[in-house]
Amino acid sequence: MKYLSFLTTILIIYFTVSCTKDKKLVNTFPEEKKKQIEALPFTALDLTDMNAFKPVSKNWNIVGDVVANRTKKQAFSASEGTGVLLNTPQKETKEHLFTSFEHGDIELEFDVMMPLQSNSGIYFQGRYEIQLFDSWGIENLKHSDIGGIYQRWNNDAEKGKEGYEGHPPKLNAAKAPGLWQHFNILFRAPRFDDAGNKIKNAQFEKVILNGMLLHENIEVFGPTRSSAFNDEKAMGPLMIQGDHGAVAFKNMKYKLYESKAIGIKSTSLKTYDNPNEITVIKTIDSFNKISEIKTDSISPMMRVDRNGRNILTYSGALSIPDSGDYLFEMKVNGGTFLIINNDTIINLNNLFRSDTTAFKKVALKKGDVSYKLLYNKPFPWYRGFDLYVEGPNMQRYSIQKTSLDDLRKQKPIKEITLEVKDQPITQRSFIIHKGEKRTHCISVGLTEHLNYTLDLATGSLLQVWNGAFLRTTQMWHSRGQHQTGEPIGFTIASHGDLDFAYLENKNDEWPKHLNEDLSFKSLGYEFDDKQIPKFSFKINDAEISNILIASKDEKRGLNRIISINSQTPIWHKIAGGSSIKALPNNTYIINNESYYIDFSGNKNLKPLIRHSHGKDELLVKIPKGESTINYDIIW
């Protein structure tokens with residue numbers, strides 16, 4: 001898409017709007033019709049065989065799938081196939097596993113499964129350990145719990161004081177043994193001068209488990225205990241501990257980073273007045289130019305007065321460090337666009353808020369490329385601009401000298417949260433569920449620090465989580481623009497479809513939405529003497545009520561009690577996922593969200609697993625008349 005004249009005519013590519021004052025807010029743009037690429041791809045660690053690793057003993061194998069015994073210590077059962085890396089140490093065979101490649105700075109993602117009471121660890125550069133452990137339900141966390149940065153060790157120290165510099169995780173984000181758990185870890189290698197002297201320590205920039213931040217910017221002053229090497233180097237292999245306990249991995253992938261950035265060269269910055277608050281810029285010459293300067297940085301947030309109405313244009317050259325794919329990411333309060341080599345890369349030339357993000361991947365060659373950037377701040381209360389880029393061996397970073405995130409850190413918004421104390425809490429709000437905003441939701445926090453959300457428009461259970469309750473900043477700060485409540489903790493999302501439906505037979509398609517054949521009426525909710533809510537509703541002629549309480553026999557779980565009075569049989573969709581497997585005792589594992597359903601309290605009912613539209617569904621048929629079912633959701 002060619003850009004003909006930046007200084008005289010700015011073409012409106014995606015919008016046809018007059019150049020008059022227009023305060024209509026745009027929430028979407030044409031690029032959203034196609035799913036945007038939001039990150040450059042990772043390099044997958046090939047788990048079809050063991051070639052990605054150095055030769056090792058027989059405790060390490062590639063298998064197709066694993067299931068852990070929930071009641072037996074360190075017990076796995078495995079099936080043939082590929083895609084899962086499994087360690088089952090024995091007395092004679094329990095060696096550590098090393099990758100064939102070495103790394104410096106690395107971002108690593110993987111899924112890990114810890115069976116009951118198992119213990120392992122992953123060592124960056126073979127030296128700095130992130131602990132892997134069955135820490136389900138542990139309250140007093142140590143460096144030896146899952147996600148902890150393991151301690152260093154001094155054999156010469158006084159007995160009992162050999163360990164030092166360990167870092168426990170900020171919180172316990174561990175799932176139950178036998179469930180897949182997701183790690184994202186960004187590690188910075190130590191730095192050395194030309195003489196080989198260390199000038200900067202290794203650092204875990206972030207450690208995230210199941211979506212929860214466990215560590216941020218933690219320096220490691222030397223190798224941790226049981227490392228493969230006692231020295232420190234700029235490069236080293238990943239090492240997985242093989243001698244402590246059984247462990248399984250899948251979906252292992254990484255990005256290697258170097259100290260690279262895009263240079264800003266020969267750039268002219270022009271500032272224009274926008275007193276008429278025009279939101280769509282067609283012709284820049286129609287605006288009064290206030291100033292023009294030379295600059296070596298892009299920092300529009302520092303160039304525009306907080307109460308001003310201005311347009312900034314940057315034009316110059318970007319110095320590209322390596323040939324390859326680059327991903328640009330922009331968001332703005334106001335309007336913006338970016339042009340590189342006369343091609344429009346991103347167009348947000350209208351009135352946007354910063355919750356709308358545009359991405360564009362573009363192939364660039366090493367060397368200088370021309371660029372043009374426009375930022376429009378049409379109103380005093382509109383302020384915000386971000387421009388990020390990711391490239392070959394280059395971590396995503398803000399091109400700006402001062403980003404919107406930097407300004408937010410300088411003046412952070414004090415979070416508003418709801419905390420459960422001596423009785424349960426209920427709170428109505430919007431909720432984001434799997435990327436979709438649900439507008440008729442209620443969240444409940446129990447005194448056992450177990451929480452859940454129901455969609456009152458359909459009666460469906462949307463999500464469960466444990467720990468702290470609800471962040472309400474987006475509801476109650478300033479004007480509460482987004483009106484969304486946010487769970488404080490990692491959530492386990494339910495399928496989000498209707499929980500109940502009438503099917504002619506077990507093969508009928510599950511309805512996605514209410515329709516003329518399936519009516520819904522909320523009957524409200526009431527509280528018992530312990531302030532536990534019961535939610536009631538009607539689907540056609542069936543009256544249904546829901547109560548959720550803490551499970552009695554689990555460290556972390558909710559017991560869902562459903563009462564039904566129906567003149568005809570009705571079906572209940574218990575769960576949906578990429579894979580659902582039956583375990584002993586009427587228990588099921590749901591793998592896309594990785595949680596358990598324990599249906600063992602219903603002797604006369606047996607759920608069925610069926611495959612539909614590429615996913616598995618766990619359904620149960622409830623007979624007509626009055627019935628009560630209950631099951632545990634365990635995570």
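The values are calculated or read from the model by the stated rules, or taken from the named source; none is laboratory data. A quick note: this is a predicted structure, and the numbers were derived from the prediction, not measured. Note: ideal-geometry Cβ built from the backbone for every residue, glycine included; neighbour counts use all protein chains shown. Side chains are part of the model used for accessible areas, which takes the heavy atoms of the whole protein and leaves out ligands, DNA and RNA. Shrake-Rupley method; radii C 1.70, N 1.55, O 1.52, S 1.80 Å.
Over every Cα atom in the range 390-539, the radius of gyration and the widest Cα-Cα span, Dmax, amount to 19.5, 62 Å. Accessible surface area normalised per residue over the range 37-109 is 55 Å², counting heavy atoms of protein chains with a 1.4 Å rolling probe.
What the range 232-333 shows is 40 Å² of accessible area per residue, with the surface traced by a 1.4 Å probe over protein heavy atoms.
Give me Rg/Rg_expected for the range 290-383, where Rg uses Cα atoms only and Rg_expected = 2.2 N^0.38 Å with N residues.
The value comes to 1.13.
Reducing the range 360-405 and the range 289-348 to their Cα centroids gives an inter-centroid distance of 6 Å. Amide H to amide H, with H built 1.01 Å from N, G163 comes under 5 Å of N154, counting only residues 5 or more places away or on other chains.
Using the Kirkwood formula over every pair of different C-alpha atoms, what hydrodynamic radius in Å results for the range 466-617?
On the way: mean 1/r = 0.0559 Å⁻¹.
Kirkwood radius, the range 466-617: 17.9 Å.
Taking 10 °C and 1.306 mPa s as the conditions, I'd like the Stokes-Einstein D for the range 24-183 in µm²/s, using the Kirkwood hydrodynamic radius from alpha carbon pairs. Let's see the in-between values first.
On the way: Rh = 18.5 Å.
Estimated diffusion coefficient is 86 µm²/s.
Residue-wise HN-Hα couplings along the range 284-296, as the Karplus relation 6.51 cos²θ - 1.76 cosθ + 1.60 with θ = phi - 60° gives them from phi, are 5, 5, 7, 9, 7, 7, 8, 7, 8, 9, 8, 8, 10 Hz; Gly and Pro carry x.
For the range 168-244, state which chymotrypsin sites (Phe, Trp or Tyr not before Pro) are in a DSSP loop and have at most 16 other beta carbons lying within 10 Å of their beta carbon. Write down the numbers at each step before the final one.
Numbers: sites: W180, F183, F187, F192, F204, F221, F229; in loops: F221, F229.
Hits after loop and neighbour filter: F221, F229.
The trypsin sites (Lys or Arg not before Pro) of the range 315-395 that meet both conditions, a loop assignment by DSSP and at most 13 other Cβ atoms within 10 Å of the site Cβ, are K365, K366. Look at where the Cα atoms of the range 602-622 and of the range 74-131 average out, and the two centres are 34 Å apart.
Ordered by solvent-accessible area of protein heavy atoms (1.4 Å probe), largest first, the residues H167, H611 come out as H611, H167.
From the phi of every residue in the range 431-445, what ³J(HN,Hα) in whole Hz does the Karplus formula 6.51 cos²θ - 1.76 cosθ + 1.60 yield, where θ is phi - 60° and glycine or proline is x? Once θ is set to phi - 60°, the couplings for the range 431-445 become 9, 8, 10, 6, x, 10, 7, 9, 9, 10, 10, 9, 10, 10, x Hz.
Cα extents for the chain along the principal axes, largest to smallest and rounded to whole angstrom: 78, 71, 46. The phi torsions of the range 171-188, fed into the Karplus equation with coefficients 6.51, -1.76 and 1.60 and a -60° offset, translate into couplings of 8, 9, 9, 6, 8, 5, x, x, 9, 6, 10, 10, 10, 10, 10, 10, 10, 10 Hz, rounded to whole numbers, with Gly and Pro shown as x.
For I416, the amide hydrogen comes within under 5 Å of the amide hydrogens of T472, T473, counting only partners 5 or more places away or on other chains and with H modelled in the peptide plane.
Residues whose amide H comes within less than 5 Å of that of H433, counting only those at least five positions distant or on another chain, are R438 (H built at 1.01 Å from N in the peptide plane).
With runs of 4+ DSSP H residues as the only contributors, calculate the mean residue ellipticity of the chain at 222 nm using -39,500 (n - 2.57) per run, divided by the residue total and rounded to the nearest 500.
Working: 3 runs with 15 residues, N = 635.
After summing the helix terms and dividing by residue count, I get -500 deg cm²/dmol.
Close lysine pairs were tallied over the range 426-553: pairs 8 or more places apart or on different chains with Cα atoms under 26 Å apart number 18.
Where Rh is the Kirkwood radius over the Cα pairs of the range 134-175, the temperature 20 °C and the viscosity 1.002 mPa s, what D in µm²/s does Stokes-Einstein return? Spell out each step's value before the answer.
On the way: Rh = 11.1 Å.
In µm²/s, the coefficient rounds to 194.
Normalised per residue, the accessible area of the range 477-635 is 49 Å², obtained with a 1.4 Å probe and no contribution from ligands, DNA or RNA. Calculated on the alpha-carbon coordinates, the convex hull of the range 129-238 measures out at 117 cubic angstrom per residue.
What does the charge dipole of the chain about its Cα centre add up to, to the nearest 20 debye, if the Cβ of each Lys and Arg holds +1 and the Cβ of each Asp and Glu holds -1? Write out the running numbers ahead of the final one.
Values: 80 positive and 75 negative charges, 266 e Å.
Dipole of the chain, to the nearest 20 debye: 1280 debye.
Heavy-atom surface analysis with a 1.4 Å probe gives the chain a carbon and sulfur content of 46 percent of its accessible area. The residue among G242, L86, N591 whose Cα reaches farthest toward the positive pole of the charge dipole of the chain, with charges on the beta-carbon of Lys, Arg, Asp and Glu, is N591.
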